[in-house]
Structure formats: structure tokens, C-alpha cells
Amino acid sequence: IEMNLHKSEKAKIVSELAAAVSHEIRNPLTVTKGFLQIVTRQPLPEITLEHLRMAQEELIHAENVINDYLTFAKPALDNPTSLHVALEMNKIVKFITPYANMQSVQLNLSYDKELIVTGEPQKFHQCISNLLKNAIEAMPNGGKIDIKMAQADSKMMLIITDTGIGMTPNELQRLGEPYFSTKEKGTGLGMMVVFGIIRSMGGRIHATSEKGKGTTFTIELPLENQQKKNIP
Ligand code: ADP
Ligand code: MG
């Protein structure tokens, strides 16, 4: 069946669906997880407990997919605005700090001036929090994440360095491939989303990594055109 929908209409349907999934599915997942937790505290045959644990793991996986893919999905996704990057980064760091603390990871954010790029705040949040989550997950015994922002010509450079487990050249090459994950409960969707968002903002992303030493992501985003804004 040929659907006579414009691209923008399709995009709108997809983003509304994304928002619905993220908001409406998260609740039942949380409630079901809670009930399973209560039930597993009862004395039960080992085989039943095993089945309940498997059900719990599947729920965690579903939750991870939502987190990597749809956390910040909002109905109005096609509405890029001026993004004050330092301001946004501060919000994202605040949001992710409890997760970092759980793993004894220290976050350092540094910049010398406010830079402005064009993009959708929700997508930018999704992108950066996916990168920071991966960095935290790469440091099971603690470590540190440095986030630096600087201007280079008409571009903003955002550099995220972690002291984590790093990647092999092969892993580095497969980064962003859908469903590529080295984690037991990984989704392999996080980096695919990151690459897609940076591309949609007209930027570039590059990673270097050394096994056992750490990883650096360098993101290049075009600065918002200042001339346009100076028109009275
Ligand atoms: P997931 O986190 O669910 O595994 P992602 O798409 O977010 O999926 O990441 C894919 C894979 O890339 C990870 O499983 C991991 O092997 C690798 N990776 C991403 N970021 C880092 C990092 N900062 N340090 C080490 N490995 C990383
Ligand atoms: Mg991830």
C-alpha cells in the first residue's frame, strides 16, 4: 500500500509515536518491575524464581532500549532553536551525576565562553547523555570524565575524555553499528542515536581509544550564524 504522506508528516508521526512509547510504556514497565520484585521475595521453587528473574531481565532490557533511544523524545522534534551549549551541558551533567556517583566517576566540565549552536535541546540531551552513560559504564571501578568546549574558527569543539576500559580498533570501527554492544545488557542503540543526531545538526564526531587507557570523543558542531541574529 502506498502511503501518500509527506516526509514531514511521516517524521511527525514517528516522533509522536516515540514520545508516546517513552511516556506511556515506561510507567507499566516500572510498575511491573516493582511487582516482580515483591513476588521474588516470597519463598518459591527455584524454577519459578528463575523464570521471574528472566522476566525482570527482559524488562530491564526494554527500559534500556527506551533510555538509549527515546528518553528525551518530544512530539515537536522538528523545531531547532539556539542551543547555549554550556548551559545545556550543565543541565545534562546535573542529570547524569547521580549515575556517575553510583560508579565513583567524577565529571569535570570546562569552557571559557558560551558558544551557541543550532539544534533541538531534547535531541542534544539524548546524544550527550548517551555518550556520558557509555563513558561511565566503561569505568566500573571509578574514574574521571573530562568535558571541554572550545571554539575553532566557525565551529564548536566538544571533547569528552574518559579513563575507562577503552576499545580495540575493531570495536572502534563498529561503533554506531545498530545492535553492536559488548555489554551483557547492552542495546547497541546508543551510539547509533548519537551519530544520527550529530549528523542531523550538521556536525561530525570522531573517536580515539586505547584498550585499558580510555576513550576520547571529539564532536564538531557548526556555530550558529551570528550575522543572522544581528539583524534588528
Ligand atoms: P550499549 O551501551 O548498549 O552497549 P552503545 O551503542 O551505546 O550500546 O555502545 C556500543 C558499544 O560501544 C559499547 O557496548 C562499547 O563496547 C562501546 N563503547 C561506547 N562508548 C565507549 C566508551 N566510552 N568506552 C569504551 N567503550 C565504549
Ligand atoms: Mg550505551
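Some values worked out for this structure:
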{"read-out": "Surface accessible to a 1.4 Å probe, per residue, for the residues of region 1-158, Å²", "value": "60"}
{"read-out": "Dipole magnitude of the chain about its Cα centre (Cβ charges: Lys, Arg +1; Asp, Glu -1), debye to nearest 20", "value": "400"}
{"read-out": "Extension gain (nm, one decimal) between residue 185 and residue 172, 0.36 nm per residue minus Cα-Cα", "value": "2.8 nm"}
{"read-out": "Lys, Arg +1 and Asp, Glu -1 on Cβ, resulting dipole of region 108-178 about Cα centre, debye, nearest 20", "value": "40"}
{"read-out": "Inter-site label distance for residue 200 and residue 49 at 7 Å from Cα along Cβ, in nm", "value": "4.5"}
{"read-out": "Using alpha-carbon coordinates, inclination of helix 7-20 to the longest axis of the chain, degrees", "value": "40"}
{"read-out": "J(HN,Hα) series, region 49-58, from Karplus relation 6.51 cos²θ - 1.76 cosθ + 1.60, nearest Hz, glycine and proline x", "value": "4, 4, 5, 5, 5, 5, 4, 4, 5, 5"}
{"read-out": "Stretch gain in nm, segment residue 58-residue 213, where the contour uses 0.36 nm per residue and the Cα spacing is subtracted", "value": "52.6 nm"}
{"read-out": "Charge-dipole axis of region 153-232 as Lys and Arg at +1 and Asp and Glu at -1 on Cβ define it, positive-most pick from 217, 178, 200", "value": "200"}
{"read-out": "Signed unit charges on C-beta, dipole axis of region 42-112, positive-most listed residue 45, 105, 81", "value": "81"}
{"read-out": "Region 23-123, dipole about Cα centre (Lys/Arg Cβ +1, Asp/Glu Cβ -1), debye to the nearest 20", "value": "280"}
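The values are calculated or read from the model by the stated rules, or taken from the named source; none is laboratory data. Every value quoted in this text rests on a predicted model; they were computed, and no experiment measured them. Methodologically, a virtual Cβ is constructed for each residue, glycine included, from the backbone with ideal geometry; neighbour enumeration extends over all protein chains shown. Please note that ligands, DNA and RNA were not included when accessible areas were found on the heavy atoms of the full protein model with its side chains. Shrake-Rupley method; radii C 1.70, N 1.55, O 1.52, S 1.80 Å.
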